[in-house]
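These notes concern the structure reproduced below.
The values are calculated or read from the model by the stated rules, or taken from the named source; none is laboratory data. None of these values were measured; they are calculated from a predicted model. Neighbour counts are summed over all protein chains in view; Cβ atoms, including those assigned to glycine, are modelled from backbone coordinates with ideal geometry.
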Amino acid sequence: MKWVTYEAGTGRRTGILDGQHVRGLRAGVSLLSLLEAGEHALAEAGIDARRAPDEIRPLTEVRLLAPLPRPPSVRDGLCFLDHLRGSYRALGRSEQLHPAWSEVPAFYFTNAGAVVGPHDDVPVAPGSRMFDFELEVGAVIGRGGSDLAPATAERHIVGYTLFNDWTARDHQLRDLALGLGMGKSKDSAVTLGPALVTADELEEHRRDGRLAIELSATVNGEELTRGSLDRMDWTFGELVAFVSRGVELSPGEVIGSGTVPGGCLLEHVDTPDLADARWLRPGDVVTLRGQGLGETRQTVVPGSDVLPLSSGF
């Protein structure tokens with residue numbers, strides 16, 4: 001099923017997509033509450049939505065929100081190592097990766113409070129002149145657990161959604177210099193949507209044990225990249241297993257795949273001066289598409305002004 005969270009003038013609602021319509025559950029039911037109630041609760045609610053929905057609305061009459069507007073946490077992995085190599089190349093660095101990248105799947109926590117919907121406008125991060133997007137897929141945990149085995153960890157994923165990890169590259173350079181991980185560079189927005197597509201819906205795209213979902217990104221209608229999810233160097237099973245070491249994962253937590261190679265402006269920089277490269281500007285329209293996952297389409301808008309600190313930043 002394809003689960004959505006939407007607004008149609010009567011408050012936030014949860015439902016399933018059925019062609020060009022949304023079949024909504026009763027008010028007060030959230031996707032997160034269904035996940036927390038267990039996998040059977042989600043399946044039963046889906047049956048109810050098909051047989052006896054509380055309301056049926058055309059997609060044209062609703063505003064789709066992020067399927068999980070405030071997930072318990074959002075982690076982002078880096079499972080496509082060619083994305084890292086492409087980023088290093090753009091920065092003038094050697095593409096030779098440290099052995100650690102092949103020892104564990106890297107990830108960081110990003111801002112679960114900055115989740116936006118699939119068609120929401122996205123403000124430029126305050127003070128950024130090098131604003132970027134990143135084409136990814138997010139896996140949503142449906143069944144909790146800790147110290148999961150790589151061979152079975154994927155069974156804890158209830159479904160998938162498109163994931164856009166908006167990034168202020170100039171802020172990122174400062175974050176990296178500080179050496180404490182991602183800070184304001186990843187703090188402004190994370191797109192999820194348009195739907196949480198349950199894992200069973202995507203089984204037809206599985207090849208050799210991996211989801212071979214075709215993904216693409218365009219800026220102002222011009223395709224920037226096209227790739228496939230099965231090209232991940234680390235599988236979602238390995239990523240979820242690593243994330244779960246010594247930690248109890250909870251239903252509704254989101255874990256990103258990392259960027260599809262070529263799926264950001266940074267990898268396409270062709271000038272030695274990063275500041276002169278093509279970055280997102282107000283008015284730009286970024287569209288992500290995923291086979292079986294749908295489409296996000298968002299307009300970049302001006303961000304808020306920066307209130308300087310004592311140092312001037």
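Observations, loosely collected:
- Among the residues of the range 151-171, those identified as outside any strand (DSSP E or B), under 17 Å from Arg210 (Cα atoms) and not basic (Lys, Arg) are Ala151, Thr152, Ala153, Glu154, His156.
- Candidates in the range 1-32 are the residues that are surrounded by 15 or more Cβ atoms within 10 Å (Cβ to Cβ) and polar (S, T, N, Q); of these, the one that is farthest from Val197 (Cα to Cα) is Ser30.
- Considering residues of the range 1-10 that are touching a residue at least 12 places away in the same chain (Cβ under 8 Å) and part of a loop (DSSP other than H, G, I, E, B) only, the residue nearest to Leu202 (Cα to Cα): Met1
- Here Arg129, Arg143 are screened, and the one residue that is within 21 Å of Pro282 (Cα to Cα), in the same structural domain as Arg226 (by TED's automatic domain parsing) and of a type in the set (Lys, Arg) is Arg129.
- Residue that is nearest to the chain's Cα centre (by Cα) [pool: residues in the range 245-275 that are among the hydroxyl-bearing types (Ser, Thr, Tyr) and surrounded by fewer than 21 Cβ atoms within 10 Å (Cβ to Cβ)]: Ser250
- Residue check for Phe242: more than 18 Å from Ser216 (Cα to Cα) and in contact with an Asp or Glu (Cβ under 7 Å, 6 or more places away or on another chain): no
- From the options Ala212, Ala275, residue that is modelled with pLDDT under 95 and in the same structural domain as Leu78 (by TED's automatic domain parsing): Ala275
- Any hit, the range 186-206, residues being over 27 Å from Glu7 (Cβ atoms) and under 17 Å from the mean Cα position of the chain (by Cα): no
- Cβ-Cβ under 8 Å pairs, at least 6 apart or on other chains, the range 52-68 side over 16 Å from Val116 (Cα atoms), far side among the aromatic types (Phe, Trp, Tyr): Arg57/Tyr6
- Here the range 280-305 is the region considered, the condition is being surrounded by fewer than 15 Cβ atoms within 10 Å (Cβ to Cβ) and among the aliphatic types (A, V, I, L, M), and the residue that is nearest to the chain's Cα centre (by Cα) is Val285.
- Condition check for Gly117: of a type outside the set (Ser, Thr, Tyr), under 23 Å from the mean Cα position of the chain (by Cα) and under 27 Å from Glu267 (Cβ atoms): yes
- Elements of type helices (runs of 4 or more DSSP H) in the range 11-118, at least 3 residues being touching a helix residue (DSSP H, G or I) at 6+ places or on another chain (Cβ under 9 Å) and not assigned by TED's automatic domain parsing to the domain that holds Ala149: 31-36, 39-51
- All of Val104, Val122, Val116, Val140 fail the test of being aliphatic (A, V, I, L, M) and surrounded by fewer than 18 Cβ atoms within 10 Å (Cβ to Cβ), apart from Val104.
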